[in-house]
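Have a look at the structure below before the remarks.
The values are calculated or read from the model by the stated rules, or taken from the named source; none is laboratory data. All values derive from a computational prediction rather than experimental measurement. With ideal geometry, Cβ positions are generated from the backbone for all residues, glycine too; neighbour counts draw on all protein chains shown.
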Amino acid sequence: MALIQVNYTSKALYRTVPLQVILPADRFDADANRYLMDDAHRYKTLYLLHGLLGNYTDWVSKTRIQDWAEEKNLAVVMPSGDNAFYFKSRTPWNDYETFIGEELPAMTRRMFPLSEKREDTFIAGLSMGGYGALRNGILFSDTFSHIAGLSSALHIFDDLAEEAHPGLFDDLKEASKSTLNPVVAAREMFREKKDIPRFYMACGRQDDLMKVNEDFRDFLREQGADVVWDEEDAGHDWVFWDSQIRKVLDWLPL
């Protein structure tokens, strides 16, 4: 297992961007008492997004994702999304939508032995990254077959959220009618009858975001989507996300 630090110049973001990659480049054979290098294998891959105020190191430093990815023989790509909510900003050189949905999978597949198959490519995130995973997973459903949102920040179209994140949108009401809203993006996906991803959603019962996550879960199910839901007695914290990311990996077709 390798933990790799990557810096490359992103065309979508027009700057050098950092990311970490967990790559199961070898495995230990207990019977042979040695590491076996896996040269030919192309790995199933999870693109894993951090939350507000975090960065690309959060998942490795605050959860046991590295151990569990090694156990599952899964590659994990963790980019930095700043505080940009992973969508295309009105300011130039902040096209996180293209970065997450197109450029990052293409670039990492050139760098590492990652599978190019849709059924082997997944996206997940927490809070701001949960919103980013759900929305971009839906927009780019031809790339991602499984989507997981943990404590997803689906409240950002509420008036109170606009006060907490001033300037996030030019116009809150117009944004809520566009594909910036995962509900609108999902409606377009269902209407176009694209390949529908499978969903995993979870939230802590003591989290203020519980209601908006339940509402989105119910909406997806009403449209006929396959949605696994989980909840725990928890708030908006890393104890919950550490527990949940293990459940996400158990849910993925690995």
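Filtered by the rule that a residue be surrounded by 24 or more Cβ atoms within 10 Å (Cβ to Cβ) and either of a type outside the set (Lys, Arg) or touching a residue at least 60 places away in the same chain (Cβ under 8 Å) (or both), region 128-145 gives MET128, GLY129, GLY130, TYR131, GLY132, ALA133, LEU134, ASN136, GLY137, ILE138, PHE144.
List every residue pair whose Cβ atoms sit under 9 Å apart, with the two residues 6 or more apart in sequence or on different chains, where the first one lies in region 16-30 and is at positive phi and modelled with pLDDT under 95 and the second, anywhere, is exposed (fewer than 11 other Cβ atoms within 10 Å of the Cβ) and not in a loop (DSSP other than H, G, I, E, B). Pairs that qualify, where the first residue is at positive phi and modelled with pLDDT under 95 and the partner is exposed (fewer than 11 other Cβ atoms within 10 Å of the Cβ) and not in a loop (DSSP other than H, G, I, E, B): there are none.
Starting from residues that are part of a strand (DSSP E or B) and modelled with pLDDT of 95 or more, keep the ones in region 1-14 and report whichever is surrounded by the fewest Cβ atoms within 10 Å (Cβ to Cβ). Give the derivation first.
Within region 1-14, the first condition is being part of a strand (DSSP E or B), and the residues that meet it are 2-10.
Narrowing further to those that are modelled with pLDDT of 95 or more: 3-10.
On the way: LEU3: 13, ILE4: 13, GLN5: 10, VAL6: 17, ASN7: 8, TYR8: 14, THR9: 10, SER10: 19.
Selected residue: ASN7.
Scanning region 73-109 for residues that are of a type in the set (Lys, Arg) and modelled with pLDDT under 95 turns up LYS88, ARG90. Selection of region 83-105 for residues being without any contact (Cβ under 8 Å) to a residue 24 or more places away in the chain, out of contact with any Asp or Glu (no Cβ under 9 Å at 6 or more places or on another chain) and surrounded by fewer than 17 Cβ atoms within 10 Å (Cβ to Cβ) yields only THR91.
Limited to region 172-199, what total is found for residues that are assigned to a strand (DSSP E or B) and touching a Phe, Trp or Tyr at 6+ places or on another chain (Cβ under 8 Å)?
Quick first cut of region 172-199, residues assigned to a strand (DSSP E or B) only: 198-199.
Still in the list and also touching a Phe, Trp or Tyr at 6+ places or on another chain (Cβ under 8 Å): none.
Of the residues in region 172-199, 0 are assigned to a strand (DSSP E or B) and touching a Phe, Trp or Tyr at 6+ places or on another chain (Cβ under 8 Å).
Given the condition among the charged types (D, E, K, R), loosely packed, with under 15 Cβ neighbours inside 10 Å and at pLDDT below 95, answer yes or no: does some residue in region 53-66 qualify? Give the derivation first.
Taking region 53-66 as the starting set, the residues that turn out to be among the charged types (D, E, K, R) are 58, 62, 64.
Among the residues that remain, those that are also loosely packed, with under 15 Cβ neighbours inside 10 Å are: 64.
Narrowing further to those that are at pLDDT below 95: none.
No, region 53-66 has no match at all.
Within region 77-88, the set of residues being polar (S, T, N, Q) and in contact with a Phe, Trp or Tyr (Cβ under 7 Å, 6 or more places away or on another chain) comprises SER80 only. The residue list LEU180, LEU150 contains one member that is of a type in the set (A, V, I, L, M), touching a residue at least 24 places away in the same chain (Cβ under 8 Å) and closer than 27 Å to ARG15 by Cβ, which is LEU180. Out of region 200-254, which residues are within 28 Å of ASP67 (Cα to Cα), basic (Lys, Arg) and in a helix (DSSP H, G or I)? ARG246, LYS247, listed by residue number. Among the candidates SER115, SER127, SER145, SER141, the residue that is over 18 Å from TRP59 (Cβ atoms) and out of contact with any Pro (no Cβ under 9 Å at 6 or more places or on another chain) is uniquely SER115. Considering only residues in region 176-191 that are modelled with pLDDT under 95 and small (Gly, Ala, Ser), the one that is nearest to LYS88 (Cα to Cα) turns out to be SER178.
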